[in-house]
Amino acid sequence: MDKNNKNDIKDLSRNLKPSGAYLDSLSDFANLLGTIKQAEDAAKELLKETNPGIKAGKPSATDREKTGETADGVKSPDAEPEAPAEEASEKTPSVEELLEKLDYLVGLDQIKQNVKSLINYVKIRKLREEKELPNPPLSLHMVFMGNPGTGKTTVARILSELYRAIGVLSKGQLVEVDRSGLVAGFVGQTALKTTDAVKSALGGILFIDEAYALAPDVGSGNDFGREAIETLLKLMEDHRDDLIVIVAGYSMPMVRFIGSNPGLESRFNRYFMFEDYNSDELYKIFSLMCAKSEYVLTEDAVEFAREHFCDIYNMRDENFGNARHVRNFFENIVSVHSDRVSDLEDHSREDLTTVLREDLEKASIM
């Protein structure tokens, strides 16, 4: 581009640029920012002089409108109340509330007594620590043995909250896993998977259901379950001050599982036996489910229900479902009841809540 063309473009740019619209250098830009800042400061000082009530940090008129506050800082009677601070985070239940929750569970009398004794033991240990008295080594890892549906997971969840309430655990969450949550299909991956599971449970309880699946019978060949056990034992030792592990499953397989590794025997020394619910307890669980959903059984329906739970208890085997059977039976009843009532022309409140013997009879064979 020749010199004449450059001069023409420069002249054109001068003609197109309004006064003050563009800056020729970074120094001009910095000077402009300084001028704007000075103007803002001067405006603030002027406002303070003309209205002494305006102070730094005091809400503006717009902010007061949002909160319902008057110019004098007083809450308007029409303002919405502020939410209490404790509502921002879920309230932690007290030890007494959690023990009431435990007592509310149907049956499990021996388990309830064992849990309460364990809590008392931990409380006394803490008191001895405060008095600078020595305590023997403490291991709170547990073995839960029993058939499905006997409340093992429910009790573990209450325990996690109880230990948080008395300061044994920092968080109190319950993390549930089984073999698939700890074991991977490739060499070296199981240790990583087990470590991740333990990390998610730190500050709470790691609940391993059907834990015996980690130690298959002798002669099954190389199995990554053993790697999971070894990794778990090491992490239990590394985090013994803020981690509790509960292994759960059928009674005899769990006995073989604990005996499969000396490290398991040394770390798990508290055993909880969850007995099957008897027929009366099964019926009580069923009654609580009905009451919670506002279903009312007729007298002959109650009679059939009692007979049904007595029969299934007497015929139970090692796969007896306990409360799981009750829940399935209740869900079948709700389905049968819905089919029957839906055919009615009018649906009164009584129709929607009353369960007949015929509903239970059909549900029992589903």
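Would you call Glu237 surrounded by 20 or more Cβ atoms within 10 Å (Cβ to Cβ) and not hydrophobic (A, V, I, L, M, F, W, C)? Break it down into steps so the answer makes sense when it comes.
Numbers: surrounded by 20 or more Cβ atoms within 10 Å (Cβ to Cβ): no; not hydrophobic (A, V, I, L, M, F, W, C): yes.
Answer is no for this residue.
Looking only at region 242-279, count how many residues are assigned to a strand (DSSP E or B) and either of a type in the set (Asp, Glu) or farther than 20 Å from Leu159 by Cβ (or both). Write out each step before concluding.
The first filter runs over region 242-279 and keeps only residues assigned to a strand (DSSP E or B), leaving 244-249, 270-274.
Restricting the remaining residues to those that are either of a type in the set (Asp, Glu) or farther than 20 Å from Leu159 by Cβ (or both) gives none.
Going through region 242-279 one residue at a time, the tally reaches 0.
Taking Lys171, is it in the same structural domain as Ile111 (by TED's automatic domain parsing), within 16 Å of the chain's Cα centre (by Cα), over 26 Å from Ile111 (Cα atoms) and of a type outside the set (Asp, Glu)?
No.
Does Ile312 satisfy the criteria of being more than 33 Å from the chain's Cα centre (by Cα) and over 22 Å from Asn278 (Cβ atoms)?
No.
For Lys101, which of the numbered conditions (1) touching a residue at least 24 places away in the same chain (Cβ under 8 Å); (2) surrounded by 17 or more Cβ atoms within 10 Å (Cβ to Cβ) fails to hold?
Single failed check for Lys101: (2).
Determine, yes or no, whether Leu140 is surrounded by fewer than 20 Cβ atoms within 10 Å (Cβ to Cβ), touching a residue at least 40 places away in the same chain (Cβ under 8 Å) and either of a type outside the set (Gly, Ala, Ser) or over 20 Å from Lys101 (Cβ atoms) (or both).
Details: surrounded by fewer than 20 Cβ atoms within 10 Å (Cβ to Cβ): yes; touching a residue at least 40 places away in the same chain (Cβ under 8 Å): yes; either of a type outside the set (Gly, Ala, Ser) or over 20 Å from Lys101 (Cβ atoms) (or both): yes.
Taking the combined requirement at face value, the residue satisfies it.
Scan region 169-200 residue by residue and report those that are without any contact (Cβ under 8 Å) to a residue 40 or more places away in the chain and either assigned to a helix (DSSP H, G or I) or touching a His at 6+ places or on another chain (Cβ under 8 Å) (or both).
The answer is Ser180, Gly181, Gln189, Leu192, Lys193, Asp196, Ala197, Lys199, Ser200.
Based on what the data block shows, is Leu235 touching a helix residue (DSSP H, G or I) at 6+ places or on another chain (Cβ under 7 Å), outside any helix (DSSP H, G or I) and of a type outside the set (Gly, Ala, Ser)? Spell out the reasoning first.
Working: touching a helix residue (DSSP H, G or I) at 6+ places or on another chain (Cβ under 7 Å): yes; outside any helix (DSSP H, G or I): no; of a type outside the set (Gly, Ala, Ser): yes.
No: the conditions fail for Leu235.
Starting from residues that are farther than 21 Å from Lys193 by Cβ and of a type in the set (A, V, I, L, M, F, W, C), keep the ones in region 240-267 and report whichever is surrounded by the fewest Cβ atoms within 10 Å (Cβ to Cβ).
Here the answer is Met252.
Look at Val302 and say whether it is under 30 Å from the mean Cα position of the chain (by Cα), surrounded by 13 or more Cβ atoms within 10 Å (Cβ to Cβ) and β-branched (Val, Ile, Thr).
When the stated conditions are applied, Val302 does not pass them.
Report the residue count in region 344-366 for those that are basic (Lys, Arg) and under 16 Å from Cys290 (Cβ atoms).
2
What residue, among those in region 201-225 that are assigned to a helix (DSSP H, G or I) and at pLDDT 90 or above, is farthest from Gly263 (Cα to Cα)? So that I can check it myself, show each step before the final result.
Going through region 201-225, the residues assigned to a helix (DSSP H, G or I) turn out to be 201, 211-214, 224-225.
Pick out the ones that are also at pLDDT 90 or above and you get 201, 211-214.
On the way: Ala201: 20, Ala211: 15, Tyr212: 15, Ala213: 17, Leu214: 14 Å.
Filtering region 201-225 for residues that are assigned to a helix (DSSP H, G or I) and at pLDDT 90 or above, the one farthest from Gly263 (Cα to Cα) comes out as Ala201.
Residues of region 150-168 being assigned to a loop (DSSP other than H, G, I, E, B) and either of a type in the set (Gly, Ala, Ser) or out of contact with any strand residue (DSSP E or B) (no Cβ under 7 Å at 6 or more places or on another chain) (or both), which ones? Steps first, please.
Kept after step one, since they are assigned to a loop (DSSP other than H, G, I, E, B), are these residues of region 150-168: 150-151, 166-168.
Result: Gly151, Ile166, Gly167, Val168.
Mind checking which residues of region 194-210 are buried (at least 19 other Cβ atoms within 10 Å of the Cβ), in contact with a Leu (Cβ under 8 Å, 6 or more places away or on another chain) and not small (Gly, Ala, Ser)?
Thr194, Val198, Ile205, Leu206, Phe207, Ile208 - these are the residues of region 194-210 that are buried (at least 19 other Cβ atoms within 10 Å of the Cβ), in contact with a Leu (Cβ under 8 Å, 6 or more places away or on another chain) and not small (Gly, Ala, Ser).
Which residue is surrounded by the most Cβ atoms within 10 Å (Cβ to Cβ), if the candidates are limited to region 313-344 and must be among the polar types (S, T, N, Q) and assigned to a helix (DSSP H, G or I)? First the steps, then the outcome.
Of region 313-344, the ones among the polar types (S, T, N, Q) are 314, 319, 322, 328, 332, 335, 338, 342.
Now narrow it down to the ones that are assigned to a helix (DSSP H, G or I): 314, 328, 332, 335, 338, 342.
Numbers: Asn314: 8, Asn328: 14, Asn332: 17, Ser335: 14, Ser338: 11, Ser342: 8.
Looking at residues that are among the polar types (S, T, N, Q) and assigned to a helix (DSSP H, G or I), I get Asn332.
Against the definition (in contact (Cβ under 8 Å) with a residue 60 or more places away in the chain, of a type outside the set (Val, Ile, Thr) and assigned to a helix (DSSP H, G or I)), how does Arg306 come out, yes or no?
No: the conditions fail for Arg306.
Does region 319-337 contain at least one residue that is of a type in the set (Gly, Ala, Ser) and within 14 Å of Ser364 (Cα to Cα)?
Within region 319-337, the first condition is being of a type in the set (Gly, Ala, Ser), and the residues that meet it are 321, 323, 335.
Now narrow it down to the ones that are within 14 Å of Ser364 (Cα to Cα): 335.
Checking region 319-337: at least one residue is of a type in the set (Gly, Ala, Ser) and within 14 Å of Ser364 (Cα to Cα).
The values are calculated or read from the model by the stated rules, or taken from the named source; none is laboratory data. Quick caveat, the model's predicted, so the values are computed rather than measured. All Cβ positions, even for glycine, are placed from backbone atoms using ideal geometry, and neighbour counts span all protein chains on display.
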